[in-house]
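The values are calculated or read from the model by the stated rules, or taken from the named source; none is laboratory data. Note that the structure is a prediction, hence the values are computed from the model and not measured. FYI the Cβ positions are ideal-geometry reconstructions off the backbone, even for glycines, and counts take in every protein chain you see.
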Amino acid sequence: MKQADTISAIATAMGEGGVGIVRLSGASAIETAERMFRAADGRNLVDASVRELLYGTVVRENGCLVDEALCLVMRAPHSYTREDVVELQCHGGAVSLREVLALTYRHGARAAERGEFTKRAFLNGRLDLAEAQAVMDVVRAKTEKGLEMAAGHLAGHFSQRIRAMREDILALLAHLEAVIDFPEEGVDEVVIEEVREKVSKIRASLLRILQTAHTGRILRDGLETAIVGKPNVGKSSLLNALLREDRAIVTDIPGTTRDTIEEYADIGGVPLKIIDTAGIRSTEDAVERIGVEKARAHVKSAALVLALFDGSRPFEQEDEEILSLLEGKEALLVVTKSDLARVLDADRLGRLAGFPLVEITTKEEEGLSPLVDAILRKVYDGEDRSGEGAFVADLRTKNLLEEAEGHIAAAISTMDQGLGLDFISIDLRSSLEKLGEITGETAGDDVLDEIFSRFCVGK
């Protein structure tokens, strides 16, 4: 394998920390590190074994000390990029790390581009494109379930399903081409029905995996959830209870919350981007009025709305307005303060609104269980929760799967119209290409550049 030029970058978050890492990869990675690292036992890095960790110091050209460090040498192909890789594990100070990085540049390395280490891992065959995308999903995972899904993708579970469908299509294309090459034997109805059955199975596999896109994107990116209701209905108390901390100010004074508060909460493994909004009511206060308008805007943009109603108070005009905001939205009706005497007719409210309704209290540890269960039912929508590694996690993949399924559907339509096998082959090849873009086998350079540009520099 021919190694590319040598790149370097800081691979840990900037700021103060116990350890900071400068990573190099490429043809002269070891030689570059050799010029600035002095092993305590006097050994040369170029003599290091396939994988070896050495203790020593990083020094400037004049021999002055920069930092103590551990130097990890990983020779190709036994590394993340399948190139020679060196990691200088220093103390985690921003100034010292920048100086170490500058030394790598002065000794022959160049600055790594965003995602270039992972891009090299992909180009060198260590990862396919779906697995490479999962690297950043692992880094950015917001919940344990999100991490499970990303780790499953990184392990190749999702790619295996894509490759299996591509193999089925390739086998079918080979069969069709054999039939096309010997036209004298004729194409009877048995052959057509055999092809139709196989194509239908491929389509069913595509549709099954597409059904996971809703849940997959939520586990990856979070579910934008707006909490709305009239003043003093318990919105901020609910936010605090979901976050398990006192994030929002809670008082008995109406209009305490005047602006939105946004936080992520882990709800049964699902990341919810929760937006606590100002209480919706008519007000003469200019600041509060702005908050109310922002609340209405968040209801429109949210993927899920938690509409709160005070169970200890009667249904009022403000509650009516809140119901009107829910038209065309995914919503849950949440009757709060279930520990107090009931005044609100919750059954009538549920019938009137036509949304699922739950009753909660934020006073008890288990008081949110009905709401958590209702949210999870919305997220998973009857999907099997055991297949996290096979969820469709991003919009690009979803679009490519939809295009692949469209070409498969076109192949079935072609057969229904009695057109020739050549036309069926064209549709199947188009589907094969779209599936190949998911794993990177048929992805162009512009696609690769766009994907890896979303990565941090050190990855």
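Structural remarks
- Checked against (1) touching a Phe, Trp or Tyr at 6+ places or on another chain (Cβ under 8 Å); (2) surrounded by 24 or more Cβ atoms within 10 Å (Cβ to Cβ), R120 passes all but condition (1).
- Between E52, E68, E87, the distinction of being surrounded by 21 or more Cβ atoms within 10 Å (Cβ to Cβ), in a strand (DSSP E or B) and of a type outside the set (K, R) belongs to E87 only.
- Of all positions in segment 55-66, none carries a residue that is within 26 Å of F122 (Cα to Cα) and of a type in the set (K, R).
- Tally, over segment 288-337, of residues that are part of a helix (DSSP H, G or I) and farther than 18 Å from R351 by Cβ: 18
- Here I10 meets the list (1) of a type outside the set (D, E, K, R); (2) in contact with a helix residue (DSSP H, G or I) (Cβ under 7 Å, 6 or more places away or on another chain); (3) surrounded by fewer than 20 Cβ atoms within 10 Å (Cβ to Cβ) almost entirely, failing just condition (3).
- Residue check for E52: touching a helix residue (DSSP H, G or I) at 6+ places or on another chain (Cβ under 6 Å) and without any contact (Cβ under 8 Å) to a residue 40 or more places away in the chain: no
- Matching residues, segment 141-151, being crowded, with 19+ Cβ neighbours inside 10 Å and either in the same structural domain as V270 (by TED's automatic domain parsing) or in contact with a Gly (Cβ under 7 Å, 6 or more places away or on another chain) (or both): K142, T143, K145, M149
- Within the set I375, I360, I408, I438, the sole residue that is within 30 Å of Q133 (Cα to Cα), crowded, with 16+ Cβ neighbours inside 10 Å, in the same structural domain as L238 (by TED's automatic domain parsing) and of a type in the set (A, V, I, L, M) turns out to be I375.
- Candidates A390, A409, A374 - the one that is in contact with a Leu (Cβ under 9 Å, 6 or more places away or on another chain) and not hydroxyl-bearing (S, T, Y): A374
- Taken over segment 91-121, residues that are at pLDDT below 95 and part of a strand (DSSP E or B) amount to 2.
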